[in-house]
Amino acid sequence: MTSGARIHRPNRRKLRLGETLFHTLNALAMVILMIITLYPVLNTLALSFNDGTDALRGGIALWPRVFSLRSYQGVLADESVFNAFYISVARTAITTVLNIALTSMLSFALSRKEYVLRKFITTVFVLTMYVNAGLIPNYLLISRTLNLAKSFWVYIIPTMISCFNIIVIRTYILGLPEAMVESARIDGAGDFYLFWRIIFPLCMPVLATVALFVAVGAWNSWFDTHLYNAGKPKLHTLQYLLKMKLATTQASTNAAMSSTTALSERTATTPVTIRAAITVISAVPILVIYPFLQKYFVVGLNVGSVKE
């Protein structure tokens with residue numbers, strides 16, 4: 001017994017040493033990854049609060065060298081920014097709610113084995129992900145056939161259904177225990193009751209993930225505004241307006257370079273700091289929403305099934 005214990009002691013020590021080394025290297029890798037991830041964010045934040053001309057010198061890391069709020073004042077001075085912010089918020093909220101509701105219901109229908117057309121419809125949806133008509137046919141369809149150009153609905157109707165999200169949610173629903181559905185059927189539950197009271201609560205993790213993807217996509221979208229609502233200032237989204245403002249600032253700075261006096265008057269607003277301020281303003285709403293959705297990412301598959 002004593003000799004056997006002596007034989008296993010070195011192995012246990014090596015095992016503990018290996019575990020310690022693994023945890024140390026893992027923690028070090030996570031710290032390095034965190035620094036690599038956070039540095040661009042903090043650098044952009046520092047640039048946005050820095051004086052414009054001083055920022056052109058470079059060398060700004062994590063803290064502004066010459067503190068200034070002129071970049072934010074220049075971006076927010078235009079009243080149209082607040083109207084564009086309202087349009088972007090309304091667009092993001094409506095698009096996310098409708099996309100989640102319609103996509104999840106369609107995914108539930110395609111996950112039912114009793115629905116005989118589920119494979120055919122799923123195949124059609126998947127084909128649309130690989131075969132795209134292109135920009136010009138889409139433009140003609142939305143602006144001419146559907147007559148959605150120069151209206152707020154051009155932001156909503158084309159984004160109500162997402163084929164990729166259908167596949168994701170359908171796959172998640174197929175992984176849920178079928179016994180719960182059968183029990184609800186025996187108790188007399190209909191399709192709507194089954195979906196809203198049983199399936200929908202259990203799908204919160206995947207729905208929260210999809211909702212975040214849809215919200216970020218709707219919030220950052222600007223090209224559809226450029227195509228369909230460029231001539232309607234009241235329907236401009238925040239991303240499109242800020243992009244146009246950045247282009248205007250770049251053009252004004254290039255013109256001011258020919259005059260020393262004009263350049264000295266623009267000491268606090270250069271494309272470098274304006275771009276950083278625009279990035280911060282655009283990212284803040286998503287950063288505020290994300291913590292409320294993060295908790296659903298780690299929810300277990302069947303947490304809802306054990307609740308009364």
Quiz item: Using mean Cβ contacts within 10 Å as the protection proxy, how do 278-290, 64-76 order, highest first?
Solution: 64-76, 278-290
Quiz item: Roughly how many Å is it from the Cα centre of the range 148-169 to that of the range 202-225, as a whole number?
Solution: 11
Quiz item: Once label points are set 7 Å from the Cα along Cα→Cβ at both residue 131 and residue 78, what is their separation, rounded to one decimal in nm?
Solution: 4.2
Quiz item: Along the positive direction of the dipole of the chain (beta-carbon charges: Lys, Arg +1; Asp, Glu -1; about the Cα centre), which of 17, 158, 244 reaches farthest?
Solution: 17
Practice problem: Sum up the lysine pairs in the chain that clear both bars: alpha-carbon distance under 30 Å and a spacing of 8 or more or different chains. | Solution: 10
Self-check item: C-alpha center-to-center spacing [the range 122-138, the range 52-79] in angstrom
Solution: 44
Quiz prompt | Nitroxide proxy distance, nm - points 7 Å out along Cα→Cβ at residue 160 and residue 123 | solution = 2.7
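Just how large is the dipole of the chain about the Cα centre, in debye to the nearest 20, putting +1 at every Lys and Arg Cβ and -1 at every Asp and Glu Cβ?
Values: 27 positive and 13 negative charges, 179 e Å.
Here the chain has a charge dipole of around 860 debye.
If we count other beta carbons within 10 Å of each Cβ, what is the order of 37, 270, fewest first? Could the numbers behind the result be given before it?
Working: 37 9, 270 24.
Going from sparsest to densest Cβ surroundings: 37, 270.
Every number here is computed from the coordinates shown, using simple stated rules; none is lab data. These figures come from a predicted structure and were not determined experimentally. Every residue, glycine as well, gets a Cβ built from its backbone with ideal geometry; the counts of neighbours run over all protein chains shown.
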